Amino acid sequence: MRLLIKNGRVLDPTLGLDLIADVYIVDGKIEGVEENISVSADRILDAHGLWVLPGLVDIHVHLREPGEEWKEDIESGTRAALHGGVLRVACMPNTKPPVDTPEVCSAIIAKAKEKGYVPVYPIACITKGQAGKELTEFGRLKLAGAVALSDDGKWVQDSEVMRKALLYAKSFDLPIISHPEDQALSFGGQVNLGKLSAKLGLKGVPFTAETVAVVRDLLLAKETKGKLHLAHLSVKENLPFLRWAKEEGVNFTAETCPHYFHLTEWECDGYNTLAKVNPPLRTEDDVLAIKQAIKEGLIEVIASDHAPHSPLEKDVEFELASPGMIGLEFLLPLSSSLVREGLISPLKLLELLITNPAKVIGIEPPSLRKGEKAKIVLFDPEEEYLVTEDFIQSKSKNTPFLGKTIKGRVKKVILEDKVYEF
């Protein structure tokens, strides 16, 4: 089959491309990217006004399988990823059982090959049972397919255990993904510590719970020269320490999520459990600081932290509600606001969403290079639409953007010779 995409704004951070051009695909492989390609084709797609880009890479996704398939499973989660233009997914290990053995890791890969719409890359646990005490077998986990190590949902509280993890992981070229949260400071916290927590009568989570953990982990990474990735950063107080770590040449990368540069703590007003997330939504000053960190290059990855929960976990009292929100389908639309605000270019945005996350976990990013299998997204950065439950492909619908109008929509996804239209 010969497929021709015409007149799109072709963006590829792997090739440094940003131009109005055509993309020619033959039998599922990219044959060329040029201006005004004039060939016969079985199907022609008009991409005028659309971005044409390689698929996104999301390295912070909870697929909930094994163990909590009523919230999400590999099939539904990867279908949601496809709907959002995310064509590579790395899944977090806090499943039931957790991904702390090669057998669980291999089972996820096998299920993804059988049921997945897009490739899935497992992230394995740093410690057995995520208990923060005894390291897992990093080498065997890597052989089973693990691309990184994390106790996501739990910070490794014992500094010596974390130090050993960073040293041990170097031998296998695996990054350690930290969930920076000192639980001695955050325990029992429901929302950001401040005016809202006082108004609602809820225990607050101070910024120090995150920043103390960030500082410790950066210091350990400096000492060990291990590869550290800091997940879902949310507070302005991190920025001076990220700048210091860059100046010192610390081997680290940092990540944030769209909700941390779109929403503030006041989204939780009225005890809105859909906005309960960990770390919690913060202040307007924090939102501005996260944008500044992205602009400066201190934060190099944007990920969804896709965390599905059913009504069983959300339609309850705020203190009992599980933290987390879905995000795979909104990753590109919400992130594209950074371009509209003039903070970064479209090509820089795609580095944050494609090449940088792929580099963190050591995989090849999707590319429009000639000879590559077609994994292409057509995205309208200007279309506005109402987020409804029918729109969402995830099993769970837990997002504070439900019922809101957002801008930017994935229109089509091309996987080799298949065209998915949304």
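The values are calculated or read from the model by the stated rules, or taken from the named source; none is laboratory data. As the structure is a prediction and not an experimental result, all values here were calculated from the model. Every residue, glycine as well, gets a Cβ built from its backbone with ideal geometry; the counts of neighbours run over all protein chains shown.
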- request: Check L328, L343, L352 and return the single one that is in contact (Cβ under 8 Å) with a residue 60 or more places away in the chain and surrounded by 15 or more Cβ atoms within 10 Å (Cβ to Cβ).
  value: L328
task: Spot the failing condition for L174; the list is (1) surrounded by fewer than 17 Cβ atoms within 10 Å (Cβ to Cβ); (2) in contact with a Lys or Arg (Cβ under 8 Å, 6 or more places away or on another chain), and only one is missed.
output: (1)
Residues satisfying the stated conditions in the stretch 214-228, i.e. closer than 14 Å to V156 by Cβ and in contact (Cβ under 8 Å) with a residue 60 or more places away in the chain: L220, T224, G226, L228
query: Taking L219, is it out of contact with any strand residue (DSSP E or B) (no Cβ under 9 Å at 6 or more places or on another chain), in a helix (DSSP H, G or I) and surrounded by fewer than 21 Cβ atoms within 10 Å (Cβ to Cβ)?
result: yes
- request: Go through the residues of the stretch 235-255 one by one and say whether even a single one is in a loop (DSSP other than H, G, I, E, B), under 18 Å from W155 (Cα atoms) and modelled with pLDDT of 95 or more.
  value: yes
statement: Those residues of the stretch 33-54 which are within 16 Å of E372 (Cβ to Cβ) and either modelled with pLDDT under 95 or acidic (D, E) (or both) amount to E34
task: May I ask you to say which residue of V413, V360, V419, V377 is touching a helix residue (DSSP H, G or I) at 6+ places or on another chain (Cβ under 7 Å) and either within 28 Å of L312 (Cβ to Cβ) or of a type in the set (A, V, I, L, M) (or both)?
output: V413
Matching residues in the stretch 26-53 - criterion: being closer than 19 Å to G408 by Cβ and in a loop (DSSP other than H, G, I, E, B): A47, H48, G49, L50
Filter pass, G116 being in contact with a Phe, Trp or Tyr (Cβ under 7 Å, 6 or more places away or on another chain) and either closer than 23 Å to P366 by Cβ or surrounded by fewer than 24 Cβ atoms within 10 Å (Cβ to Cβ) (or both): no
task: Scan the stretch 357-371 and give yes if some residue there is in contact (Cβ under 8 Å) with a residue 12 or more places away in the chain, surrounded by fewer than 20 Cβ atoms within 10 Å (Cβ to Cβ), hydroxyl-bearing (S, T, Y) and on the phi < 0 side of the Ramachandran plot, otherwise no.
output: no
query: Among A124, A41, A80, which is in contact with a helix residue (DSSP H, G or I) (Cβ under 8 Å, 6 or more places away or on another chain) and under 30 Å from L3 (Cβ atoms)?
result: A80
field: Filtered residues of the stretch 388-409 (kept if of a type outside the set (S, T, N, Q) and either surrounded by fewer than 19 Cβ atoms within 10 Å (Cβ to Cβ) or without any contact (Cβ under 8 Å) to a residue 40 or more places away in the chain (or both))
entry: E389, D390, F391, L402, G403, K404, I406, K407
